[in-house]
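What follows is a short report on a single structure.
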Amino acid sequence: MTSEKKLEVKTMQQKRRTLLTGGLTGGLIAGLAATALPSELLAKENKAAGLTLDRAKWGERNRQQLQALLARNGKNSAGYNPKRRPYAVFDWDNTSIMNDTEEALLMYQINTLSFKLSPQELGAIIRQNVPAGPFAASYKNAAGNAVELEAICSDIDSDYQYLYDNYEKLKGGKKLEEIRETTQFQDFRAKLYYLYEAVNETYGVNVGYPWVIYFFSNMSVAEVQQLAEASNDHNLGLGLVKTKYTSPAALPGKAGIVSVTHFHGIRLCTEIATLMDALEQSGIDVYVSSASLEEVVAVFATTPKYGYNVKREHILGLRLETANGVFVNKYKTGWPLNWGPGKTEVIKQELVAAKGYGPIFVAGDSDGDYDMLRDFADTQLGMIVNRMKQGKIGDLSKLAANQIAARSPRFLLQGRNELTGNWMPSEASIKYGKTGETLLG
């Protein structure tokens with residue numbers, strides 16, 4: 001090894017030791033300090049890849065591992081079989097983009113009153129499959145009292161009836177700018193988004209995720225996709241800002257005054273887009289598995305201007321029933337809820353059953369991706385976008401941190417700066433509202 005290479009390796013080790021001191025035990029740090037990074041070994045493997053993965057803001061070790069994955073499995077590798085094409089699976093929200101396209105769309109739908117629902121239809125949907133009674137203790141109103149489903153639904157009913165009767169695109173004559181100044185609109189926005197958060201927090205995603213896509217009822221696929229594209233473009237132009245919405249004191253209604261926070265803004269992820277392209281160029285198919293509505297994700301993942309260029313038939317997401325050419329408020333019969341164990345089920349049903357093997361690579365960021373990250377024996381590498389979370393994905397993140405020095409890790413952590421939406425060239429991340437880098441939650 002040349003003196004320049006020795007200096008490079010030594011410098012990288014020093015940087016890694018500095019990074020890890022905030023998040024791992026002293027024993028592990030000492031173990032990593034004594035282990036040379038496998039840069040040269042990976043570099044030899046990478047020569048066979050036939051292309052170079054753009055450096056961008058990848059953690060350098062992560063880029064090397066992915067380059068080696070391409071070399072081992074791509075069309076220039078000795079064992080490549082074009083009739084048995086390997087494939088990779090990516091989560092979408094907070095993995096392939098910064099923030100959540102479905103949540104961004106819900107707020108956009110509210111802010112533009114883009115509903116094709118009568119007051120009676122909306123009233124039925126906001127109650128659909130949600131148990132009666134109070135929400136979780138963390139979702140009390142400003143007076144400290146429990147909020148019950150029927151109380152807040154009654155307030156939303158009243159608000160939406162006013163909006164329906166007065167907004168020009170629904171029934172009335174007021175323009176959007178005028179209607180958004182009303183206390184009824186401000187109450188509707190705060191309470192409907194609060195209801196979305198409260199339902200998910202109290203009853204889980206099995207109730208909350210189908211519930212939110214029922215608001216597309218009476219829309220055609222084309223109408224939903226047009227709305228999704230408008231939301232994407234709007235949110236890509238916004239700053240990354242967490243905004244607190246509080247219902248007006250002048251209109252407490254039955255639920256009282258409630259508050260909820262929404263994280264505005266979306267960012268594209270160049271690193272994911274270029275990785276997807278590198279995989280495809282290497283003869284490795286790319287799939288997306290999302291807990292958002294499939295047609296909504298397809299707009300983002302397939303439209304050329306966003307730069308991901310995934311094939312439409314390779315998008316797997318939540319699905320709704322249709323009738324007479326429009327969506328209805330019923331989850332697709334026989335289609336698993338594509339979250340957590342449901343993601344594994346869908347991959348087995350749609351991909352493994354047809355191909356006879358699992359993905360070589362899986363990328364995710366949350367508990368919803370935990371199962372597919374670890375359930376397939378064929379998966380050589382799983383990548384976790386590091387959101388410093390607890391829970392099941394936190395357990396995998398700790399495992400990935402313990403494997404930082406391993407020559408052939410099973411899991412990678414990739415850092416992100418939540419203040420900018422950009423990735424960081426390390427395993428650590430910067431949490432929104434913080435300034436320092438953190439490895440683990």
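The values are calculated or read from the model by the stated rules, or taken from the named source; none is laboratory data. Predicted, not measured: the structure shown is a model, and the values here were computed from it. Methodologically, a virtual Cβ is constructed for each residue, glycine included, from the backbone with ideal geometry; neighbour enumeration extends over all protein chains shown.
Just a few scattered comments:
- Members of the range 168-200 found to be more than 23 Å from ARG127 (Cβ to Cβ) and either among the β-branched types (Val, Ile, Thr) or part of a loop (DSSP other than H, G, I, E, B) (or both), listed by number: GLU168, LYS169, GLY172, GLY173, LYS175, ILE179, ARG180, GLU181, THR182, THR183
- Candidate set from the range 244-270 (those that are assigned to a strand (DSSP E or B) and in contact (Cβ under 8 Å) with a residue 60 or more places away in the chain); member that is farthest from the chain's Cα centre (by Cα): THR246
- The single residue among ASN94, ASN141 that is within 30 Å of LEU279 (Cα to Cα) and part of a loop (DSSP other than H, G, I, E, B) turns out to be ASN94.
- Test result for LEU163, over 27 Å from ASP367 (Cα atoms) and either modelled with pLDDT under 95 or not in a loop (DSSP other than H, G, I, E, B) (or both): yes
- Test: residue in the range 51-69 that is at pLDDT 95 or above and more than 20 Å from GLY364 (Cα to Cα): no
- Qualifying residue in the range 202-221 (condition: in contact with a helix residue (DSSP H, G or I) (Cβ under 8 Å, 6 or more places away or on another chain), in contact (Cβ under 8 Å) with a residue 60 or more places away in the chain, assigned to a helix (DSSP H, G or I) and farther than 30 Å from LYS254 by Cα): yes
- Hits in the range 315-348 - residues which are exposed (fewer than 15 other Cβ atoms within 10 Å of the Cβ) and either under 24 Å from PRO86 (Cβ atoms) or small (Gly, Ala, Ser) (or both): ALA323, GLY325, GLY334, PRO341
- Test for SER217: is it in contact with a Phe, Trp or Tyr (Cβ under 6 Å, 6 or more places away or on another chain) and either surrounded by fewer than 19 Cβ atoms within 10 Å (Cβ to Cβ) or modelled with pLDDT of 95 or more (or both): yes
- Any hit, the range 428-436, residues being more than 19 Å from the chain's Cα centre (by Cα), in a helix (DSSP H, G or I) and surrounded by fewer than 22 Cβ atoms within 10 Å (Cβ to Cβ): no
- Pair list, Cβ under 6 Å, 6 or more apart: the range 419-441 residue under 13 Å from ALA401 (Cα atoms) and not assigned by TED's automatic domain parsing to the domain that holds LEU396, other residue among the basic types (Lys, Arg) and in a loop (DSSP other than H, G, I, E, B): GLY441/LYS389
- Per the listing ARG416, ARG374, the residue uniquely under 20 Å from PHE263 (Cβ atoms) and crowded, with 16+ Cβ neighbours inside 10 Å is ARG416.
So that you can scan it fast, the table gives a plain yes or no per residue for (1) in contact with a Leu (Cβ under 8 Å, 6 or more places away or on another chain); (2) without any contact (Cβ under 8 Å) to a residue 24 or more places away in the chain; (3) exposed (fewer than 15 other Cβ atoms within 10 Å of the Cβ); (4) part of a strand (DSSP E or B):
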site	(1), (2), (3), (4)
TRP58	yes, no, no, no
ALA71	no, no, no, no
ALA88	yes, no, no, yes
GLN109	yes, no, no, no
SER114	yes, no, no, no
LEU117	no, no, no, no
GLY123	no, no, no, no
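- Residue list for the range 271-302, filter: farther than 23 Å from LYS355 by Cβ, out of contact with any Phe, Trp or Tyr (no Cβ under 8 Å at 6 or more places or on another chain) and of a type in the set (A, V, I, L, M): VAL296, VAL299
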